[in-house]
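> Take this structure, written in structure tokens, and hold onto it; I'll ask about it next.
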Amino acid sequence: MVKALPQQGAGRLIVVEGIDGSGKSTQLALLQRWLINQGYPVRFSEWNSSALVKQITKRGKDRRILTPTTFCLTHAADFADRTERDILPALRSGGMVLSDRYMYTALARDVVRGVEPSYVRQLYRFAVKPTLAFYFRVPLEVALGRILGGRNALKYYEAGMDLSLSDDIEESFRLFQRRILQQYELLSKEFGLMVIDATLSIEEQQAQMRAIVKPKLEGVKRLSKHGKVSLLR
Amino acid sequence: MERFRFYGSGLPGVKLDDLRGKLIVVEGTDGVGRSTQVVLLRQWLEQRGHAVFDTGLTRSALAGKGIKRAKEGNILNLLTFTLFYATDFADQLENQIIPALRAGFIVLTDRYIYSQIARAVVRGADEAWVRDLFGIALVPTSIYYLKADLDHLIPRVAFTRGFDYWESGMDMRLGRDMFESFCRYQTRMLEIFDRMSNFYGFNEVDANGMVEEVFEKLQRRVRELLNHKNTATAR
């Protein structure tokens, strides 16, 4: 959207979306392994990970002074920083970019927090359109079982405590995730997200993903016939 | 009293009918003497018995320090930079400006969204996108645009604090040195301000004169604003 920004270029952008506990990160890691082993250049990008913006977001979260609007804007700043610094250069260089969460996360969360849907949509106009956007659909109880069983320390904003849905952090998290899930269902229609049934076995989901990604790899240059043996990330 | 409104979709949860104060914005390019005028205006308004709350850019608890640090390293890209400023603005708007208006204060701001819009647009940002981004802003009661020619701006900057990296648009590589860059950058900024003046309905104040002369003009305008019950709000 910004005139000064170059276009997407020759690369491919693959993103995964879904509520916490949907298994999307696991699937993306497996996809990354598969791509690297075939010798494709891969850049990984993660939601809310820009070093520059992190300080501000962390400050706001620690002190709990973020409002729905500033929450929305700091995450957009993070996304912009990663777009300009990581995503666009990698795509223009003709490589693969894998993103764990993308603008749809903001569209879901910010709207649940009460920001105007049209405002968030226009805000993210600068986002590169993904080649493929996977949505890992999972029933709330399944996701909650995976999350609440595994980690015991839910964080304030993560649980949507700022929305005052409940004083109990676990209950707040449940209610918050339920609303996010509803948003994802709407977004999946609006943006034509590729739906993966996240209740299937890990192997089945991964096989589906690879089958969908494979034809999109045509024309992407590989760095070698066999990828380097390396640990991910 | 006229009801406040937002430029765009605004902020969630704000009841506009509760805002009883006035929002007065002083805008203008770098070196025009804005801050001096704001100080004088504040003194005078308090003398008249108005409670004044003054604020400026990049002072918020949330992003103020982050912006400063990032600028020191010159490491921000355009979009990120613009979003940082918007975050900071939103934080101030929600936590300072709106509560002060609710309490019936005259909120006096040294610059508002317009400087930020100009800064982004001059660097090539999509104007409609930036304008929409700042659709969270309240439309001020009045926007006083201190307007001076480049010839008047140059000595004011050169003989006071000197040329600053960002005010000279050095990141844009417009000239061989800071002076040349400053002139080209500020010329472009003035053009953008003129455009915004029409779009947002600025109240233009000739700022080519000496501090006292400019203040008299500004004072006259503000007096008119405060004496009229049905003041015309900015566009």
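Quick note: the coordinates plus some simple rules give every number you see, no bench work behind them. Given the structure is predicted, the values throughout are model-derived calculations rather than measurements. For neighbour counting, all protein chains shown are included, and Cβ atoms are generated from backbone atoms with ideal geometry for every residue, glycine included.
> Can you give me the long-range amide H partners of A:PHE136? Hydrogens built in the peptide plane at 1.01 Å from N, cutoff under 5 Å, separation of 5 or more residues or another chain.
A:GLU17, A:GLY18, A:ILE196
> Which of the helices in chain B, when you take each full DSSP H run, stretch at least 18 Å along the axis at their Cα atoms and have an average Kyte-Doolittle score of 0.0 or higher?
B:78-92
> Another question about this same structure. Which one of B:THR141, B:ALA100, B:VAL205 has its Cα pushed farthest toward the positive end of the charge dipole of the range B:93-219, where Lys and Arg give +1 and Asp and Glu give -1 at the Cβ?
B:ALA100
> Let me ask you something else. If you count, for each residue, the other Cβ atoms within 10 Å and average over each peptide, how do A:164-176, B:97-109 line up from highest to lowest?
By packing density, highest mean first, the sequence is B:97-109, A:164-176.
> Suppose every Lys and Arg Cβ carries +1 and every Asp and Glu Cβ carries -1, with no other charges. What dipole size does the protein assembly as shown come out with about its Cα centre, to the nearest 20 debye?
In total the dipole reaches around 1080 debye.
> Looking only at A:SER118, A:SER50, A:SER93, which one moves most when chain A is put into a Gaussian network model with springs between Cα atoms under 10 Å?
Highest fluctuation among the options: A:SER118.
> In whole Hz and in residue order, list the ³J(HN,Hα) couplings for the range A:49-59 that follow from phi through the Karplus curve 6.51 cos²θ - 1.76 cosθ + 1.60, θ = phi - 60°; x for Gly and Pro.
The phi angles translate into 10, 5, 4, 5, 7, 3, 4, 5, 4, 5, 4 Hz.
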